[in-house]
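The values are calculated or read from the model by the stated rules, or taken from the named source; none is laboratory data. Just so it is clear, the structure is predicted and the values come from calculations on it, not from any experiment. With ligands, DNA and RNA removed, areas are computed over all heavy atoms of the protein, side chains included. Shrake-Rupley method; radii C 1.70, N 1.55, O 1.52, S 1.80 Å.
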Amino acid sequence: MSNKKTMKTNLHREISKDPLLNKNQPKQGKLSTDQFDQDFAEIFDELLDLDNEEAVYDSVKKDLKALGPVRDNGQIDYQNDKFDPNKIAIVDPQKLKSLVKENRSNNDDVFLNNEDKLATISPYKNALVCTVEMAQKVASLSVDFPNFNQVIEDLVDRITLLSISSKKLSVQSLNLDGPPGAGKTTFVRALATILGVDFFDLTISSMVAKFELCGFNPNWKNASCGRLAKIMFEQTNNFQPIILLDDLCSVYTGSESEHTLLPVLLNILEPHQAKRFKDQFYNLEIDLSGVIFISTTNKFSRLPENIQSRLNNYQIELPVGQQFSRVVQNIYRGLVAENELSDIFSENLNETVIAKLQNTNLRHIKRLLTRAISQAYKRSLAVSLTATQIAVTLADLNLLEKSTQADVSECLRVLH
């Protein structure tokens with residue numbers, strides 16, 4: 001046997017042992033050439049140092065490619081995804097395939113419609129691995145959210161600890177308890193942006209039954225999947241999206257099991273149970289253990305004890321003094337940057353304007369400042385055709401009380 005044939009035989013032996021390369025996988029169509037070449041090169045180089053053996057390289061690659069998709073412990077699908085060790089299957093791929101086959105053999109229109117939906121599901125999601133850089137980014141949130149310092153510190157400590165061994169991000173479900181206007185929802189949105197994951201807001205007070213979260217049986221008329229399955233199957237590629245359970249203290253706690261969300265909440269807020277969350281419409285178990293669930297309440301004590309025990313609660317106070325000033329300044333700067341007005345508006349908001357807003361709910365401050373910026377711009381146009389460094393003044397806030405909605409709409413139109 002020639003040297004090249006010997007090396008090729010040895011390589012095939014190594015391939016048969018390697019968990020990355022399972023030649024028993026069924027063929028699934030044509031692979032992306034560039035994608036396969038890149039992944040194969042990495043695997044080949046790890047097995048043998050044959051950089052100059054192009055004939056052997058090409059021959060083995062051809063044989064391997066004919067085997068079809070290669071999987072890493074059932075997680076990696078070369079047919080649809082680039083090789084990524086941090087992809088995780090949130091549903092059993094084989095179970096998903098069997099369900100599609102079952103529905104194909106069923107003539108019921110309900111199940112045929114379900115099959116269409118099942119066929120679009122990708123079981124693989126991207127997982128986030130903790131790094132020191134991630135911890136630093138989360139720490140930077142303290143600038144814009146000084147009244148969330150305890151939450152931020154705990155998250156930074158958690159991410160830093162996990163980063164030591166490059167573990168995937170996992171955060172215990174937490175609750176932000178505090179008065180309306182403390183910036184709870186805004187903070188959660190900002191956290192999702194910093195982490196680079198999708199954000200979803202589920203308002204608990206608007207839900208009337210558990211089926212809104214876990215779906216309806218497909219035999220029911222107008223049945224559909226639950227909100228959680230819709231998020232994971234259709235709206236995100238993240239294994240660890242942030243899902244906000246807003247106004248959790250309004251959850252119905254009556255005894256009628258068909259109307260209360262409690263059983264579902266108890267399930268998803270417990271990681272071991274969340275790993276096998278069942279959606280009724282798809283009849284599939286979904287792994288929600290990676291989801292970062294964050295809830296908000298105005299009075300945490302109203303929650304049932306079994307829900308409280310599943311949440312790491314933080315008391316969030318309204319920002320006061322210097323904290324309030326920093327928050328309002330950041331809201332103002334964000335509005336200026338968002339509307340691309342940095343060249344014509346002053347960098348900072350006047351302290352007298354901030355003092356005027358002192359007793360205003362944070363929820364309304366952004367709206368007021370948007371209108372005040374519009375008013376200030378309109379005022380500058382009245383005195384000069386060339387806009388210079390414009391500053392929002394107390395006069396602009398006072399004029400808002402006299403302005404009509406038509407005036408505000410016109411100001412916003414001028415800005416854009």
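Here are a few things to note about the model shown:
- For the cross-link pairs K95/K125; K168/K366; K95/K184; K97/K275; K97/K167, the ones whose C-alpha atoms lie over 28 Å apart are K168/K366; K95/K184; K97/K167.
- Averaged over its residues, region 110-251 has an accessible area of 43 Å² per residue, based on protein heavy atoms and a 1.4 Å probe.
- Note on exposure: K97, K356 ranked by accessible area (1.4 Å probe, complete protein assembly) read K356, K97, with the most exposed listed first.
- Ellipsoid equivalent to region 114-208 - semi-axes via the Cα gyration tensor, in Å: 27, 22, 11
- Carbon-plus-sulfur accessible fraction, region 213-366 (probe radius 1.4 Å, protein heavy atoms only): 44%.
- By the compact-protein rule of thumb, 2.2 N^0.38 Å, the alpha-carbon radius of gyration of region 128-176 corresponds to a ratio of 1.11.
- Per residue value of the accessible surface for region 269-323 (all protein chains in place, 1.4 Å probe), Å²: 50 Å²
- Here the gap between E153 and A391, fully extended at 0.36 nm per residue and compared with their Cα-Cα distance, gives a gain of 82.2 nm.
- Subtracting the Cα-Cα distance of V132 and Q322 from 0.36 nm times their residue separation leaves 65.5 nm of extension gain.
- Per residue convex hull volume, Cα atoms of region 171-318, in Å³: 106 Å³
- The amide H of N175, built 1.01 Å from its N in the peptide plane, has S295, N312, N313, Y314 as neighbours under 5 Å, considering only residues 5 or more places off or on other chains.
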